[in-house]
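Before any comments, here is the structure.
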Amino acid sequence: MAILSLNNYAGAQAISEKFGDFDISENVFSELNRKVGRENIDGSWGVVADDQRDHMLYGPYKSWSYLGGGLVNFRMKIENNTADNHEIIFLDLYDATEGEVIASRAVRRRDFYQSDEYQNFELWFDFNQERLNHNLETRVFFNGGAVVSVADVSIHFDSFDSSLPEINNQSSASDEHVNYLVNKAIRGMHQDWLTQTQRDDSRNLEEPYLLKAPNANDLFFVGKYYIAWIDQTGFYGKMNGLWILNGQTGNDLNFVHREEDDRAVNFLIVAENGDGEWPENYTGAEHYEIPNLTAEYIGDKSVGSERRFAQYSLNEAPKVNANPLWDSCNNNTMAWSRHVRPIQQEQTSDGLILAYQGPITKRGDDGGQEENCHGDYLFPAESKNNSEGDPTITGKRSQVRLQVGYKLYADKPYLDRTFEIINPEGNPTYGYNNWGIIGGFVLTQWPNPHPLKEDLMRFFSSNETDRDLKYGPISLENVSPNYWTYNHSETEWRQPKSDYLVGWYGEGYKFSARGRAELGYSFGQELFGDKEIGDIGFCFCVAHGGLEVGGSVLNGYRHNPNNPYIVPGGESSGVVTRRLNLLPNTIGINPPPVVNVY
C-alpha cells in the first residue's frame, strides 16, 4: 500500500513536525551560557576531544507557567560514532531554585546513528506545580574524548488539566446518567481520583497519582455494552479502562462487575482492585512489543534460540520492571502528562473511530544494555541477507511509525483494535528482521487475579473448527465451536510456575466462566487482515504478572516466512484488526463440568 512521502524521518526528525502539537515550544539555544568549546562556522557550539570535562552549555534560568508534560530537545552530532562506546555527553534539566535535577540522561558514542550528522536527543519530564516560578536550566556536560557539536536546544510543554475527561455518549442513557456512570468508574479505580478537593484546582499536579488518573486530555466512550477509557496522556491512545455494562436501555444501563460495596471494577488490569495501582510489568492495560533480530552493535550477544537482540515498541510513560531486558530502557520514558492527540477522531453512525501514530523505538535490550534506548528502529545492514540476526553485522537506524487505533461500537458487544506499520520513503524494507507485533489486552493480575475475573478461563470454545488444544498444562480434546469445553487442567494454570503461553491457535477462540455467553463472564478474540494471521492465543504470564489475551499481528519474515508482512520504504502494511468480543455465542457444554458453576 503506497503512502505519501514523509520527509526527514530517517535518523533525526524535523523539528517542525516533531514538536508542532505541543501547547508551547521555545528555542532557548541563543540564550544559553557558553563555557567549554567554541562557535563553529555553522553557528553550532562545539568541543574537541582534548577539551576539558565541563559544561558546554547551560541556562537560560527562566521560569515557565505551563504545568504538564515537557520535553527538552538537544540537536547534536559527533565526528566519529564507532571509536568506542564511552559516555560522551550528559544532558539534564535542572531546577536552579531548588538545586534539583528534574530529568537527565547520558549519551554514549553509539547513541549517535551516524558520524557527522545532526540528531535529536530528547529529555522527557513532568512539570508540576511545585516548579512554578522556579528558574530552570538546561545543561550539556562534555565528558571528553570526542568531537561534538550542539546546534539547537528547545523546550516544549503540554498543559495538563486534571478535571474530568471528555465523554462520548453513544448509549441510549441520558447524559446525566452517563456522567454518573463515568464518575463511578473513575472512583472505582481509586476513591480519591474524583474527590472535589482535588478537582477544584484543575491544574493541580501536586498529588503524583493525579498524573495517572483520567483527566481532561483523555476520552471516555459510552455505548450499550461497555465504557472505554482511552488514555491520551502518557500513552498513544491506549484503552486502560474497560467497564462491562448490562446492555439495558435508557437509565437502566449499569455495571456488570461490582463489588459488595458497589464499587465498579475495571475489566482490565489497571487499578482493578480500587487502589489506583498500575501494573509494574506492563505499559498499562495492553502489551505490544516487536522483537528485533539485528545486532545493536558489532559483537552484540543475542538471547534464546530466537536470537533476539532488543525489543521495540512505542515510547509510553510507565516503567517496566519485569527483568533486566525491560529495566534497561526505563529512563527517559514519555512524560505521564504528555498529551498525545489522535490523528483521526471520527464519529460514525454506529460508533467512534480513533487513530494515533508514533515512532517505533527501542524499549528493551535482551542483553540488559542501556545504549540507544528509545532510539529509532534498527534495520539490518542488508534487509534480506541479514534476516538471521548475524551479531557481527549491525545496520541502519531510521524511523518507522506504528499507527494504532480503535473502532468502538454504540450498540455491539465488541470493540476492534487496529494496527498498521508505516515505513517512510527512503527507508530499507521493513519486516525481514522481526517477528511482528506481539502482545494483547491484559485482563487481570496473574497468578493473583481479581476475584470477579479468576474463573474467566474455565470453559473454552473454538470459533470455526473441531480441534484439540494441547499446550503446556492445558490439554483439551474435542474442542468445538458448537459447545463449551470444560478446562479440566484448572489447578495447573491457576498456579503456574512459569509462563503458560498458547500461540498460533490458528483461529478465533472464546472463554467463559460459566459455560455460556454472558456479559462480564465470557469473552472471545479474533483477527482480521489481508494475510494469514494465525498467531492468536493467550498467556498466563508469570514473568509479567498478568493474564494476557492476544498473540501477534503484522508478522515479519522470522515469524511467518511463508506469508510475511514485508513493507518497502514509502509503503504501509495495511490495517490488521484484533477484535475483543464480550458476548461470544456458543451452544451447550461438553463434557459436563464436575464442579459447581456459579
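The values are calculated or read from the model by the stated rules, or taken from the named source; none is laboratory data. Fair warning: this is a prediction, and the values are worked out from it, not measured in the lab. Heads up, the Cβs are rebuilt from the backbone with ideal geometry, glycines too, and the neighbour counts pull from every protein chain shown. These area figures cover heavy atoms from the full protein model, side chains too; ligands, DNA and RNA do not enter into them. Shrake-Rupley method; radii C 1.70, N 1.55, O 1.52, S 1.80 Å.
Report the residue count in the stretch 107-130 for those that are free of Cβ contacts under 8 Å to residues at least 60 places away in the same chain and under 30 Å from the mean Cα position of the chain (by Cα). Can you show your working first?
Narrowing the stretch 107-130 to residues free of Cβ contacts under 8 Å to residues at least 60 places away in the same chain: 107, 109, 112, 115-116, 121.
When the remaining residues are screened for being under 30 Å from the mean Cα position of the chain (by Cα), the result is 107, 109, 112, 121.
Of the residues in the stretch 107-130, 4 are free of Cβ contacts under 8 Å to residues at least 60 places away in the same chain and under 30 Å from the mean Cα position of the chain (by Cα).
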Single condition Phe441 does not satisfy, out of (1) under 28 Å from Gln345 (Cα atoms); (2) part of a loop (DSSP other than H, G, I, E, B): (2)
Consider Arg514 against the criteria (1) out of contact with any Lys or Arg (no Cβ under 8 Å at 6 or more places or on another chain); (2) open to solvent by 10 Å² or more (accessible area, probe 1.4 Å); (3) part of a loop (DSSP other than H, G, I, E, B): it satisfies all of them except one. Which criterion is unmet? (1)
Select from the stretch 518-544 the residues that are in contact with a strand residue (DSSP E or B) (Cβ under 6 Å, 6 or more places away or on another chain), small (Gly, Ala, Ser) and in a loop (DSSP other than H, G, I, E, B) and list them in ascending order. Gly520, Gly529
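Taking the stated definitions as given, is Asn321 in a loop (DSSP other than H, G, I, E, B), more than 24 Å from Ile422 (Cβ to Cβ) and without any contact (Cβ under 8 Å) to a residue 12 or more places away in the chain?
Values: in a loop (DSSP other than H, G, I, E, B): yes; more than 24 Å from Ile422 (Cβ to Cβ): yes; without any contact (Cβ under 8 Å) to a residue 12 or more places away in the chain: no.
Judged against the criteria, Asn321 is not a match.
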Just to be sure before I move on: is Glu26 charged (D, E, K, R), at pLDDT below 95 and more than 22 Å from Glu117 (Cβ to Cβ) in the structure I sent? yes
Among the residues of the stretch 539-559 satisfying the criterion of being closer than 17 Å to Val576 by Cβ and open to solvent by less than 20 Å² (accessible area, probe 1.4 Å), which is farthest from the chain's Cα centre (by Cα)? Gly556
Residues (touching a strand residue (DSSP E or B) at 6+ places or on another chain (Cβ under 6 Å) and open to solvent by 30 Å² or more (accessible area, probe 1.4 Å)) located in the stretch 40-60: Asn40, Trp45, His55, Tyr58
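Considering only the stretch 338-352, state which residues are β-branched (Val, Ile, Thr) and over 19 Å from the mean Cα position of the chain (by Cα). Walk me through it before giving the result.
Residues of the stretch 338-352 β-branched (Val, Ile, Thr): 340, 343, 348.
The one that is β-branched (Val, Ile, Thr) and over 19 Å from the mean Cα position of the chain (by Cα): Thr348.
Would you confirm whether any residue within the stretch 36-55 is assigned to a strand (DSSP E or B) and within 22 Å of Leu211 (Cβ to Cβ)? Write out each step before concluding.
From the stretch 36-55, those assigned to a strand (DSSP E or B) are 38-39, 45-47, 54-55; that's our starting set.
Filter once more, keeping what is within 22 Å of Leu211 (Cβ to Cβ): none.
The answer is no, given that none of the residues of the stretch 36-55 is assigned to a strand (DSSP E or B) and within 22 Å of Leu211 (Cβ to Cβ).
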For the stretch 66-105, how many residues are surrounded by fewer than 22 Cβ atoms within 10 Å (Cβ to Cβ) and outside any strand (DSSP E or B)? 13
Out of the residues in the stretch 351-379 that are of a type in the set (A, V, I, L, M, F, W, C) and open to solvent by 10 Å² or more (accessible area, probe 1.4 Å), which is modelled with the lowest pLDDT? Cys373
Considering only the stretch 560-573, I want to know if a residue exists there that is under 21 Å from the mean Cα position of the chain (by Cα) and farther than 16 Å from Leu293 by Cα. yes
Arg199: of a type in the set (D, E, K, R) and at pLDDT 85 or above, yes or no? no
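Can you go through Asn266, Asn281, Asn273 and tell me which one is open to solvent by 10 Å² or more (accessible area, probe 1.4 Å), in a loop (DSSP other than H, G, I, E, B) and either more than 30 Å from Leu378 (Cα to Cα) or among the β-branched types (Val, Ile, Thr) (or both)?
Numbers: Asn266 fails: open to solvent by 10 Å² or more (accessible area, probe 1.4 Å); Asn281 fails: either more than 30 Å from Leu378 (Cα to Cα) or among the β-branched types (Val, Ile, Thr) (or both).
That would be Asn273, the only listed residue that is open to solvent by 10 Å² or more (accessible area, probe 1.4 Å), in a loop (DSSP other than H, G, I, E, B) and either more than 30 Å from Leu378 (Cα to Cα) or among the β-branched types (Val, Ile, Thr) (or both).
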Condition check: among the β-branched types (Val, Ile, Thr), open to solvent by less than 30 Å² (accessible area, probe 1.4 Å) and farther than 17 Å from Gln445 by Cβ. Does Ile290 satisfy that? yes
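Here are some residues: Asn482, Asn487, Asn463. Which one is at pLDDT 75 or above, under 17 Å from Gly524 (Cα atoms) and in contact with a Leu (Cβ under 8 Å, 6 or more places away or on another chain)?
Asn487
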Checking Ser149 against (1) open to solvent by less than 50 Å² (accessible area, probe 1.4 Å); (2) farther than 18 Å from Val48 by Cβ, the condition it does not meet: (2)
Could you tell me which numbered condition Tyr288 fails, if it satisfies all but one of (1) assigned to a strand (DSSP E or B); (2) modelled with pLDDT of 95 or more? (2)
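Quick check on this structure: which one of Asp111, Asp158, Asp116 is acidic (Asp, Glu) and either closer than 19 Å to Ser30 by Cβ or surrounded by fewer than 18 Cβ atoms within 10 Å (Cβ to Cβ) (or both)? Walk me through how you get there before you give the answer.
On the way: Asp111 fails: either closer than 19 Å to Ser30 by Cβ or surrounded by fewer than 18 Cβ atoms within 10 Å (Cβ to Cβ) (or both); Asp158 fails: either closer than 19 Å to Ser30 by Cβ or surrounded by fewer than 18 Cβ atoms within 10 Å (Cβ to Cβ) (or both).
None of the other options fit; the residue is Asp116.
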Within the stretch 308-333, considering residues that are in contact with a Pro (Cβ under 8 Å, 6 or more places away or on another chain) and modelled with pLDDT under 90, the one least open to solvent (accessible area, probe 1.4 Å): Phe309
Would you mind stating whether Glu382 is of a type outside the set (Phe, Trp, Tyr) and either surrounded by fewer than 21 Cβ atoms within 10 Å (Cβ to Cβ) or at pLDDT below 95 (or both)? yes
